[in-house]
Structure formats: structure tokens, C-alpha cells
Amino acid sequence: MSELFLDCYKIMDPAPEIIAARSRRAWMDGFTDRHAYRCLPLTMANSTGWEMLCPFDVTLEWDGGPTADALKVTGNVPDDMVKGFALSHFTLGIITFYTGHLFRTPPGWGVWCSGPPNQPKHSISPLSALVETDWLPYPFTMNWQMTAPGRVSFKKGEAFCFITMMPHHELEAVQPRIKDMEKDLKLKRDYEDWRTSRTEFLARLEKREGKAVAEKWQRLYMRGQMASGEAGPESHITKRRLKMPKPEGE
């Protein structure tokens with residue numbers, strides 16, 4: 001297998017910081033007992049990539065108009081610094097952020113660029129892009145679109161862009177198949193074991209049965225375990241540990 005890498009060439013000084021994506025979300029912290037983190041697929045998605053961080057505060061004000069000047073961009077730094085990082089370029093309430101880097105990936109791999117997963121912002125939505133970074137000799141930008149007139153802020157250190165890698169050419173070789181579970185007896189048995197276990201646990205929880213209340217939630221997926229008690233695959237993971245970018249030569 002060829003070496004996997006994500007080369008990040010700085011083309012701005014200073015360039016936005018790139019870090020391994022964080023799994024924490026303020027709205028998930030806000031739940032009682034932080035129980036939103038029990039949803040392993042959410043936390044894994046949150047951290048399956050790298051974040052690019054705002055170098056300073058940026059505030060957007062959109063009056064709902066279609067022209068570029070309908071969106072005002074200000075910051076807590078001099079205007080020339082703001083314009084070098086974020087500006088209204090595409091009209092229709094779209095804000096363009098410069099990533100400050102040119103990215104290179106192995107042959108066949110591209111970079112998926114979007115907002116941080118499961119981190120909604122009021123009145124604005126990230127626009128996603130898939131970039132052929134295995135050959136492209138110029139950078140891409142990160143764009144968000146205002147969904148309603150008003151004011152939105154991005155704070156210093158907040159992720160304005162989330163990137164992850166994708167073997168995008170291989171996707172075209174994938175053949176989705178609609179199958180009959182009756183022909184896969186083991187999968188059917190595992191599914192029915194889970195469905196029965198889930199139904200029984202919820203019924204016990206509703207009746208305030210002591211053990212179910214103490215458990216609070218089923219941990220089968222978190223543990224990588226079948227409902228029958230059989231262990232799941234060794235490939236199961238509960239934390240994503242991506243590498244932090246480092247300077248060349250270290």
C-alpha cells in the first residue's frame with residue numbers, strides 16, 4: 001500500500017491553523033449527563049477529519065439582498081486582514097473564506113471540504129465541495145451561505161472549515177445492492193436479536209425497572225458487541241485519533 005499523506009502548503013502568512021478535528025460539541029455538552037455522546041456515530045463523524053480555525057473574530061451582516069455588497073464582513077482586526085481572509089464574492093449571501101493552504105493528496109484521493117459535522121449555526125449553512133487535490137496546483141476556498149437576513153459571527157479559534165480525505169475515484173466502482181435478508185440467515189438472526197433486546201430494554205426502562213434505569217442506555221454499539229453477547233469485529237473503535245499537522249522534517 002502506498003503512503004497516505006495530506007500535504008498542506010502554506011500560501012498565506014499567517015495561515016489559518018489546522019488541527020485534528022475535535023469530537024466535542026457545545027450543544028452535546030448541554031444535554032443532561034451529556035448523553036448525546038452516547039451516539040457513537042455522531043462523535044466519530046465529528047472527529048473524522050481536520051479543522052481549520054478562524055485566526056480572528058469575523059462578523060457577517062446580510063440584508064437579504066442578492067448583490068455582493070448586501071453582505072458586510074467585519075472583524076476585530078484591521079480591514080485589510082479581514083479582506084485577506086473572508087469576503088463577499090459570490091453574491092446571494094455567500095461568504096468566502098480563504099484556507100491559506102494548497103493541499104496535495106495521494107493519486108486518486110481528494111479532499112472533502114465542508115463545515116464541521118453536527119455543528120449547526122443559526123442563519124447560515126456550509127457549502128460542501130470535493131476537490132481533486134491529487135493534481136490541483138491552486139487552492140480552494142470554503143464557502144457558507146446565509147439562510148436569512150441578520151448577523152452571524154465566527155469567533156477566533158472556531159472551525160470555519162472541516163476537511164477529510166476520500167478515495168473519490170473508487171466510489172464510482174461501488175455497486176449498491178438491494179438484498180433479501182431472508183437469504184442471509186446470520187445477519188437476520190443478529191438483527192432480530194438486536195430488535196428483541198432493544199424492545200425489551202425500552203419496555204423495562206419505561207416501567208422504571210431498576211437495572212434498566214441504572215444502565216440508562218444500551219451500550220452494545222459502543223462496546224462493539226452483538227445482542228447475543230458475541231463480540232463484534234476487532235476493527236471496532238470508539239475514538240478517532242487523527243494526527244496533528246507538523247512542520248516538514250519533524
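The values are calculated or read from the model by the stated rules, or taken from the named source; none is laboratory data. Computed from a predicted model, the values in this text were never measured in an experiment. Virtual Cβ from ideal backbone geometry, glycine too; neighbours counted across all protein chains shown.
In the condition set (1) over 19 Å from the mean Cα position of the chain (by Cα); (2) among the basic types (Lys, Arg); (3) at pLDDT below 95, Lys72 is compliant with all but (3). Of the helices (runs of 4 or more DSSP H) contained entirely in region 128-238, those carrying at least 2 residues that are at pLDDT below 85 and not aromatic (Phe, Trp, Tyr) fall at 185-206, 210-215, 220-223. Confirm whether Glu61 is touching a Pro at 6+ places or on another chain (Cβ under 7 Å), assigned by TED's automatic domain parsing to the domain that holds Ile95 and either on the phi > 0 side of the Ramachandran plot or charged (D, E, K, R) (or both). Against the criterion (touching a Pro at 6+ places or on another chain (Cβ under 7 Å), assigned by TED's automatic domain parsing to the domain that holds Ile95 and either on the phi > 0 side of the Ramachandran plot or charged (D, E, K, R) (or both)), Glu61 does not qualify. Among the residues of region 162-200, those that are out of contact with any Leu (no Cβ under 9 Å at 6 or more places or on another chain), of a type outside the set (Val, Ile, Thr) and within 30 Å of Lys243 (Cβ to Cβ) comprise Phe162, Pro167, His169, Glu170, Leu171, Glu172, Ala173. For region 152-175, state whether one or more residues are surrounded by fewer than 16 Cβ atoms within 10 Å (Cβ to Cβ), farther than 30 Å from Cys8 by Cβ and among the small types (Gly, Ala, Ser). There is no residue in region 152-175 that is surrounded by fewer than 16 Cβ atoms within 10 Å (Cβ to Cβ), farther than 30 Å from Cys8 by Cβ and among the small types (Gly, Ala, Ser). Set side by side, the residues Pro116, Pro106 differ, and just one is in contact with a Phe, Trp or Tyr (Cβ under 6 Å, 6 or more places away or on another chain), in the same structural domain as Trp27 (by TED's automatic domain parsing), in contact (Cβ under 8 Å) with a residue 60 or more places away in the chain and not hydrophobic (A, V, I, L, M, F, W, C), which is Pro116. Only one of the numbered conditions (1) more than 29 Å from the chain's Cα centre (by Cα); (2) under 30 Å from Phe97 (Cα atoms) is violated by Arg189, and that is (2). Within region 23-47, being basic (Lys, Arg), surrounded by 14 or more Cβ atoms within 10 Å (Cβ to Cβ) and under 13 Å from the mean Cα position of the chain (by Cα) holds for one residue alone: Arg25. The set of residues from region 5-17 being modelled with pLDDT of 95 or more and surrounded by 15 or more Cβ atoms within 10 Å (Cβ to Cβ) comprises Leu6, Cys8, Pro16. Restricting attention to region 201-213, the residues being in contact with a Leu (Cβ under 8 Å, 6 or more places away or on another chain) and of a type in the set (Gly, Ala, Ser) number 1. Starting from residues that are among the aliphatic types (A, V, I, L, M) and over 18 Å from Leu87 (Cβ atoms), keep the ones in region 119-151 and report whichever is surrounded by the fewest Cβ atoms within 10 Å (Cβ to Cβ). This residue is Ala148. Looking at the structure I just gave you, is Pro116 within 21 Å of the chain's Cα centre (by Cα) and exposed (fewer than 14 other Cβ atoms within 10 Å of the Cβ)? Judged against the criteria, Pro116 is not a match. Among the residues examined, Ala20 does not qualify as within 30 Å of Ala148 (Cα to Cα) and either modelled with pLDDT of 95 or more or assigned by TED's automatic domain parsing to the domain that holds Gly157 (or both).
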